[in-house]
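Undergrad: Here it is, the structure, as structure tokens.
The values are calculated or read from the model by the stated rules, or taken from the named source; none is laboratory data. Every value quoted in this text rests on a predicted model; they were computed, and no experiment measured them. In this analysis, Cβ positions are derived from the backbone assuming ideal geometry, glycine residues included, and neighbour counts consider all displayed protein chains.
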Amino acid sequence: MPSNTQPLTSSPPVIPAATIRGQTWLAEEGHPQRPWILAVLASVAFMAQLDLFIVNIAIPAIGRSFGGAGLSNVSWVLNAYAIVFAALLVPAGRLADHFGRRRFLIAGVTIFTVASALCALAPNLDVLVLGRIVQAVGAAIVVPTSLGLLLPSFPTRQHSFVVGVWAGVAAVAASSGPPVGGLLVAINWRWIFLINLPIGLAVVLVGLRVLPEIRAGINQRLPDAFSVIALLGAISLLILATVQGQSWGWASDRTLGVFAVGALALGLTIYRTMHHPNALIEASLFQSREFTTAAVALFLFFVAFSVWLLITVVFLQDVWHYSALRAGLAMTPGPITAALFALNSGRITRRVGRAVPAIAGAFFVAASAGYWLSSVPSHSSYFGSFLPGLILGGAGAGLAQAPLFAAASTLAPDRATTGSAVLNMSRQVGSAVGVALLVALLASPHPTALGLYHRGWIAEIVASLLAALAIVVLRLRRSPPRDSASGR
């Protein structure tokens, strides 16, 4: 490993075979079954991310199915998943490193698949939310573990490509949520969960045959229990206060109290990270300038992107009165554009570096909201006033995510899963904050008023531009050297 961390525009460091116990095939050529490994892990990323966003299009149908439940109640189908997913990502990643990434990935896919069946059969909203919580447990195990298995299975020269594929598939899955969901909701909203069953079964069967078992070094210890509890409390409480602030009242004692306790837990997490040698999130991760930049930028970008996804679905159905099927089909150009840019992200990165596409992606999402803000009328005008915004947003999603997630490849090999977990935690916390922010902005006795959606588009612009600014500013800061032997 080089003694200094790599800037956002450089290639990831070489991963020596000796760092992964017993995996001598890692040195130069990668695992002999790496195409199958990529297929399995890309399927895992697709399934987990699709289910995070596919529910958006079904929110009105779910509310009608359960006695006309309002947006603030039904939004817990989204928020419960996002909170638990975000809170468990880092603990799951550390445990996977300790006990085996393959073992944890198979377990996570199994949990996710069983929970999908529970959601599909839910007799009421409470059971559906419970099923989503269990789904989130499985997804939290799966997502960081998949990237932790992917990077060691490929030679270093292919890391930009495979991370681009992995992140691109996730971007396409997120953007595909509304159109796929619209098609399934036209049959019955329960099909958005049933679709996971064959995918999950296939991943388990093929994964048991082709995935390697990879663990951290033999001297690695389990993470400090106090820092685990502090992080779980911080993420859960801060997101809880954010998503419930509208209904509780932003200045109420309950909201302020939960925010205060969450902030205290966050402070303890940071203190433990800086001072404990075996903290859950190790301070050494943030010695990488690129990793720190990516963690901050992913949070801000996904505040904007989650607003982009949800506001389009709600707008099309509540203002232009599209059916779920029509709204889903209307969203289709977004994921198609995201796929085109994501699949070419490796080629773009090789030519201009990682910073440029990440910044451009954030600007494209901001431009999407700006276009809608200036041109969308209260009556349906799809091709002239709505479609260009979808194209811009899809391009932004496809461009930005792969170079930001590639920051995990700049870490030492035995930190890849934990680093991936931290980056995904930033993404999920941003998604939860974005959904909560939009719900608060749209809260009104007259939810179809066009001015309310202007608020959401303005919030999307601000968050996107802040993500771009974070990349520009943070990547200019000097990084301290990292010990080449330990990666710390």
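Undergrad: Find the residue count for region 283-301, including only residues that are closer than 18 Å to LEU466 by Cβ and not small (Gly, Ala, Ser). Explain how you work it out, then say what you get.
TA: First, the residues of region 283-301 that are closer than 18 Å to LEU466 by Cβ: 292-301.
Still in the list and also not small (Gly, Ala, Ser): 292-293, 296, 298-301.
Total satisfying the criteria: 7.
Undergrad: Next up: Applying the selection to region 413-434, what residues are among the hydrophobic types (A, V, I, L, M, F, W, C) and buried (at least 24 other Cβ atoms within 10 Å of the Cβ)? Give the derivation first.
TA: We begin by selecting, within region 413-434, every residue among the hydrophobic types (A, V, I, L, M, F, W, C); these are 416, 421-423, 425, 429, 432-433.
Across region 413-434, the qualifying residues are ALA416, ALA421, VAL422, LEU423, MET425, VAL429, ALA432.
Undergrad: Condition check: in a helix (DSSP H, G or I), surrounded by fewer than 24 Cβ atoms within 10 Å (Cβ to Cβ), at pLDDT 80 or above and of a type outside the set (Phe, Trp, Tyr). Does ILE192 satisfy that?
TA: Taking the combined requirement at face value, the residue does not satisfy it.
Undergrad: Next question. Looking only at region 230-253, filter to residues that are polar (S, T, N, Q) and outside any loop (DSSP other than H, G, I, E, B); which one of those is nearest to SER75 (Cα to Cα)?
TA: Only one residue fits best here, namely GLN244.
Undergrad: Now a separate question. Picking from PRO223, PRO178, which residue would you name as being out of contact with any strand residue (DSSP E or B) (no Cβ under 9 Å at 6 or more places or on another chain), buried (at least 23 other Cβ atoms within 10 Å of the Cβ) and within 29 Å of ASN124 (Cα to Cα)?
TA: None of the others qualify; the one that does is PRO178.
Undergrad: Quick one: which helices (runs of 4 or more DSSP H) sit completely within region 305-414 and have at least 1 residues that are at pLDDT 80 or above and closer than 21 Å to LEU438 by Cβ?
TA: Passing ranges, in order: 324-331, 333-343, 355-375, 387-405.
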